[in-house]
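Peer 1: What follows is a single structure, and I will ask about it in a moment.
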Amino acid sequence: MRLQPPAVRTNEIEKQIKRDFSKHQVTKLVNTEHAQIYRCQQPNTWINGFDIILAPTCITVSGDIGEVLYTVGRGLNFLAGYGCSNYGFEKLDDAYRNQKEVNNYALAEHMYNLIYDLLELEKINSKDFPEELIPPSEIDESKPEKLQLAIEFLWLDVVEKLYLPDEYIENEEYPEWLNQIEISEENLEIIYNMIDHLRDHDYTPDEHELYQIIRDTNWDAIDPEWFDGGFLIAARRVSWVTSCAQWAATKWLEENQSKAA
């Protein structure tokens with residue numbers, strides 16, 4: 001399992017664009033009163049090539065990278081400033097704006113925070129309380145490996161031992177601090193089943209699979225506002241195309257503004 005915060009995914013896309021587009025050039029193909037067309041491609045190949053079409057009421061990006069449609073006609077300045085931003089996504093046509101995927105980091109963080117509160121782990125007073133179970137307030141997005149470790153420890157050394165105590169008591173593996181945790185059998189079963197399901201998907205089920213998991217595990221019984229968790233983000237294919245468009249628009253403006261100066 002590799003948890004990937006949204007910012008990390010964005011950085012990786014930007015690095016890939018800088019690597020794959022190092023020889024790309026942006027040229028203006030059409031320039032009329034009502035429309036402009038820009039082409040971004042590496043000379044003599046259409047690999048990762050694409051066109052940006054600017055019209056009075058929309059912007060189309062399409063080519064070997066995929067396609068998106070913005071429902072605004074604001075030119076390259078809009079793409080360079082907002083192409084792959086939240087504001088830019090709001091201006092996408094519904095067919096692209098509604099393409100979402102589950103971010104495994106956001107989902108893991110949401111789950112961890114809720115389970116930590118449900119188990120009231122912050123109230124446990126024991127010198128043997130594991131340091132791996134970091135308080136939610138100490139979760140640092142720049143260190144996703146700490147959250148990953150906390151989730152694994154939460155599953156193996158807390159949830160499993162609470163849900164299947166007999167297996168561990170017989171082997172004298174049941175630590176004293178776990179006795180301080182109080183939770184109903186019903187809620188414990190929901191937590192156990194939810195994590196168990198998500199582990200099968202490596203914390204990255206698609207949006208429809210996640211909805212089915214939530215229904216199957218009765219997760220909404222303890223998290224009725226789960227849909228506000230913020231773990232759905234723009235699909236990577238949409239982020240990729242919009243990032244490419246933003247890169248090309250920025251490149252064109254920088255090169256031509258410098259020439260004008």
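Peer 1: Among all residue pairs at least 6 apart or on different chains, which show Cβ distances below 9 Å where the first residue, located in segment 7-35, is among the basic types (Lys, Arg) and the second is open to solvent by less than 50 Å² (accessible area, probe 1.4 Å) and assigned to a loop (DSSP other than H, G, I, E, B)?
Peer 2: Qualifying pairs under 9 Å: Arg9/Asn103.
Peer 1: Could you list, in sequence order, the residues of segment 58-110 that are at pLDDT below 95, part of a helix (DSSP H, G or I), surrounded by fewer than 15 Cβ atoms within 10 Å (Cβ to Cβ) and small (Gly, Ala, Ser)?
Peer 2: Of everything in segment 58-110, just one residue is at pLDDT below 95, part of a helix (DSSP H, G or I), surrounded by fewer than 15 Cβ atoms within 10 Å (Cβ to Cβ) and small (Gly, Ala, Ser), namely Gly75.
Peer 1: A further question on this structure: I'd like to know if segment 104-117 contains one or more residues that are among the charged types (D, E, K, R) and closer than 21 Å to Gly229 by Cα.
Peer 2: Yes, segment 104-117 contains a residue that is among the charged types (D, E, K, R) and closer than 21 Å to Gly229 by Cα.
Peer 1: If I go through segment 128-165 residue by residue, how many of them are without any contact (Cβ under 8 Å) to a residue 12 or more places away in the chain and over 26 Å from the mean Cα position of the chain (by Cα)?
Peer 2: Final tally of qualifying residues: 3.
Peer 1: Just to be sure I understand the filter: pairs with C-beta atoms under 7 Å, separated by 6 or more residues or on different chains, first member in segment 210-228 and β-branched (Val, Ile, Thr), second member open to solvent by 20 Å² or more (accessible area, probe 1.4 Å). Which pairs pass?
Peer 2: Ile213/His197; Ile214/Asp220; Ile214/Trp226; Thr217/Asn193; Thr217/His197; Ile222/Leu118; Ile222/Asn187
Peer 1: Can you tell me how many residues in segment 99-125 are of a type in the set (Lys, Arg) and either within 17 Å of Ile213 (Cα to Cα) or in contact with a strand residue (DSSP E or B) (Cβ under 6 Å, 6 or more places away or on another chain) (or both)?
Peer 2: Going through segment 99-125 one residue at a time, the tally reaches 1.
Peer 1: Just to be sure I understand, how many residues within segment 214-255 are more than 18 Å from Ile13 (Cβ to Cβ), open to solvent by 50 Å² or more (accessible area, probe 1.4 Å) and assigned to a helix (DSSP H, G or I)?
Peer 2: Within segment 214-255, residues that are more than 18 Å from Ile13 (Cβ to Cβ), open to solvent by 50 Å² or more (accessible area, probe 1.4 Å) and assigned to a helix (DSSP H, G or I) number 8.
Peer 1: Scan (1) in a helix (DSSP H, G or I); (2) open to solvent by 50 Å² or more (accessible area, probe 1.4 Å); (3) under 22 Å from Glu132 (Cβ atoms) for the single condition Tyr174 breaks and write down its number.
Peer 2: The single condition Tyr174 does not satisfy is (1).
Peer 1: Quick test for you: out of Leu164, Leu133, pick the one residue that is farther than 22 Å from Gly230 by Cα and either loosely packed, with under 12 Cβ neighbours inside 10 Å or not assigned by the TED database to the domain that holds Glu225 (or both).
Peer 2: Matching residue, one of Leu164, Leu133: Leu164.
Peer 1: If a residue has to be farther than 19 Å from Leu232 by Cα and in a helix (DSSP H, G or I) to count, how many in segment 111-131 make the cut?
Peer 2: So the count comes out to 7.
The values are calculated or read from the model by the stated rules, or taken from the named source; none is laboratory data. Bear in mind that the values here come from a model prediction, so they are computed numbers and not experimental data. Note that each Cβ is placed from the backbone with ideal geometry, even for glycine, and that neighbours are counted across all protein chains shown. Just the protein is used for accessible areas: all its heavy atoms, side chains included, with ligands, DNA and RNA removed. Shrake-Rupley method; radii C 1.70, N 1.55, O 1.52, S 1.80 Å.
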